Amino acid sequence: MSAATDMTQAASAVPTGYAARRTFAIISHPDAGKTTLTEKLLLAGGAINMAGAVKARGENRRARSDWMEIEQSRGISVTSSVMTFEREGITFNLLDTPGHSDFSEDTYRTLTAVDSAIMVVDAAKGIESQTRKLFEICRLRDIPIITFVNKVDREGRSPFEVLDEIEEALALTVSPQVWPVGMGTDFQGCYDFAHDEFIYSKARANGPCDSLKKVEGLDDPAFTSMVAPHVMERFAEEAELAREGYASFDADAYRQGHLTPVVFGSALRDFSVDQLLRIVARYAPPPRPQPSDKGPVAPTSDEVSAFVFKVQANMDPNHRDRVAFVRFCSGHFKRGMKLNHVRSGKPLAVNNPIYFFAQERALTEEAFAGDVIGIPNHGTLRVGDTLTEGASFRFTGLPSFAPEVMRRVRLEDTMRMKQLRRALEDLAEEGLVQVFKPMFGSNWIVGVVGPLQLDVLASRIRGEYKTDIGFESVPFATARWISSADERKLKDFIKDNSMSIALDRDERPVFLPKSDWELRYARERNPDIAFDETRELVSV
């Protein structure tokens, strides 16, 4: 089957229920344009009517997907936003992940909740370090990827260079679907190979994409007459090479993670955003089976099941709220249902489930497998919790990683101790930081993946809890969760190393070595003790 035929073949019937869900994430290196693309996808899907504004209850309300003050001031994403919108009968659940590597743990957990991903690549910079790391996470979870090569309206590398780098660096077969007509100062639009459509700007130079022309092919005079001759000559050569030199689109190969359809465009100027969303709607997989300790849970199962992959405190600064982000995996959930909270064994009535439209919220009456909703709660739900309609099992695969940066928290005003304790509990529950309480000493130690998290921690505690903190260095290099089948040996190890032992927020013992050498030495001397770099976040 040709690429054009495969890419344009419509489904025989409009999907419903879970089959109509497309739950996907956007991954990229910082500054590749991920947040801009997120907003433009929301715009294309009708969730907003201007970049940065949510359309809710007939009003235009300012609400960026980067809602936190530090995100807006620095122009980066440091939290995972969840946004839902509908278009042509398909419900899209878009998870906008942090691009900064210091927040990779939050990104990893978010990727457990998606069925596909869009990888944003800067046309000038190609595959960058954080893009590669996030791609490897997707590969571990067999998440299929669509590639969006952004900023083709600026001077950049040859499209062929970018395609070849994707193939070589990521070991992916590439299949170009939308190709730039010129680049940089010569940029005049994009051409959709599958649909023979030319997308362009009536304003031409530096204008936003606002027009589409259906043509009969690359040599259609109606198309060639619209493009400057020197640009058209080069485009004709490139288009022929792109079509003949790379693989045709194969939906099965894409869904298995072996092939990536590639769309060239400009998120800032709206080029190829509609085309990208069309590929997601038609070819991104519907909800997939999710791993559990009792085997995979299929989306076709009648009983409702879901897991918490993120908790966010204080999304609304006017209310001390806490929202658990829940990914449904099976069944047909209805508002007011009582679900089994597996960790506690107690029923949980879900009376106010909410969808997210950037910072705005709306009550929802139902949800299917693939949907992501928020459940407001006051500490009942935690990351890793499983909710079921009755059966007791737990979803697996949500990790917590050993921190790479350790600091002691210094409270500037000792009268604010209660507020500090609440702040650390809340933000540790979100996964922003890990909090350790040493066996000796009264100060908390926080552990993070990267130093930017410390800035965010201090900023949020100051802004949301009205408490100023500082950080002091500690002699510890990292943390390892310790356990042993022999309880006596574990107790002896803790006693012998009490100055380097702390408890995490679940009261689990943690060894804090001062160096890699000390960690290796402890392992060699204590073969019956496990020193774990990660631990599973599960309902126990």
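Table: residues versus (1) within 30 Å of PRO347 (Cβ to Cβ); (2) open to solvent by less than 30 Å² (accessible area, probe 1.4 Å); (3) without any contact (Cβ under 8 Å) to a residue 24 or more places away in the chain; (4) in contact with a Pro (Cβ under 8 Å, 6 or more places away or on another chain).
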residue	(1), (2), (3), (4)
TYR254	no, yes, no, yes
VAL280	no, yes, no, no
ARG288	yes, no, no, yes
VAL308	yes, yes, no, no
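Mind listing whichever residues of region 123-153 are closer than 16 Å to ALA32 by Cβ, open to solvent by 10 Å² or more (accessible area, probe 1.4 Å) and either touching a Leu at 6+ places or on another chain (Cβ under 9 Å) or in contact (Cβ under 8 Å) with a residue 60 or more places away in the chain (or both)?
Once the filter is applied, which keeps residues that are closer than 16 Å to ALA32 by Cβ, open to solvent by 10 Å² or more (accessible area, probe 1.4 Å) and either touching a Leu at 6+ places or on another chain (Cβ under 9 Å) or in contact (Cβ under 8 Å) with a residue 60 or more places away in the chain (or both), region 123-153 yields LYS125, ILE127, GLU128, SER129, ARG132, LYS151, ASP153.
Specify the residue that is nearest to THR131 (Cα to Cα); the eligible residues are those in region 152-199 that are of a type in the set (Val, Ile, Thr) and out of contact with any Asp or Glu (no Cβ under 8 Å at 6 or more places or on another chain).
ILE166
Looking only at strands (runs of 3 or more DSSP E) that lie completely in region 164-237, which have at least 2 residues being in contact with a Pro (Cβ under 6 Å, 6 or more places away or on another chain)?
Strands (runs of 3 or more DSSP E) meeting the threshold: 173-181.
State all residues of region 264-278 that are open to solvent by less than 10 Å² (accessible area, probe 1.4 Å), out of contact with any strand residue (DSSP E or B) (no Cβ under 6 Å at 6 or more places or on another chain) and part of a helix (DSSP H, G or I); if no residue qualifies, say none.
Result: VAL273, LEU277.
What do you reckon, is SER292 in contact (Cβ under 8 Å) with a residue 12 or more places away in the chain, of a type in the set (Ser, Thr, Tyr), open to solvent by less than 60 Å² (accessible area, probe 1.4 Å) and over 23 Å from MET183 (Cα atoms)?
For SER292, the condition - in contact (Cβ under 8 Å) with a residue 12 or more places away in the chain, of a type in the set (Ser, Thr, Tyr), open to solvent by less than 60 Å² (accessible area, probe 1.4 Å) and over 23 Å from MET183 (Cα atoms) - is met.
In region 327-358, which residues are farther than 23 Å from LEU398 by Cα, in contact with an Asp or Glu (Cβ under 7 Å, 6 or more places away or on another chain) and of a type in the set (D, E, K, R)?
Passing the criteria: LYS334, ARG335.
Could you tell me how many of the residues in region 468-504 are charged (D, E, K, R), open to solvent by 60 Å² or more (accessible area, probe 1.4 Å) and not in a helix (DSSP H, G or I)?
Selection size over region 468-504: 2.
Every residue, every condition in (1) open to solvent by less than 90 Å² (accessible area, probe 1.4 Å); (2) modelled with pLDDT of 95 or more; (3) of a type outside the set (Ser, Thr, Tyr), yes or no:
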{"site": "ASP506", "(1), (2), (3)": "yes, no, yes"}
{"site": "ASP516", "(1), (2), (3)": "no, no, yes"}
{"site": "ASN526", "(1), (2), (3)": "yes, yes, yes"}
{"site": "GLU536", "(1), (2), (3)": "yes, no, yes"}
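When only residues in region 167-191 that are among the β-branched types (Val, Ile, Thr) and open to solvent by 20 Å² or more (accessible area, probe 1.4 Å) count, which is farthest from ASP270 (Cα to Cα)?
This residue is THR173.
Being open to solvent by 10 Å² or more (accessible area, probe 1.4 Å) and without any contact (Cβ under 8 Å) to a residue 24 or more places away in the chain is true for just one of PRO376, PRO399, PRO347. Which residue is that?
That would be PRO347, the only listed residue that is open to solvent by 10 Å² or more (accessible area, probe 1.4 Å) and without any contact (Cβ under 8 Å) to a residue 24 or more places away in the chain.
The values are calculated or read from the model by the stated rules, or taken from the named source; none is laboratory data. Model, not experiment: these values are computed from the prediction. Don't worry about glycine lacking a Cβ; one is built from the backbone with ideal geometry, like all the others, and counts go over all protein chains shown. Protein only, heavy atoms only, side chains kept; ligands, DNA and RNA dropped before computing areas. Shrake-Rupley method; radii C 1.70, N 1.55, O 1.52, S 1.80 Å.
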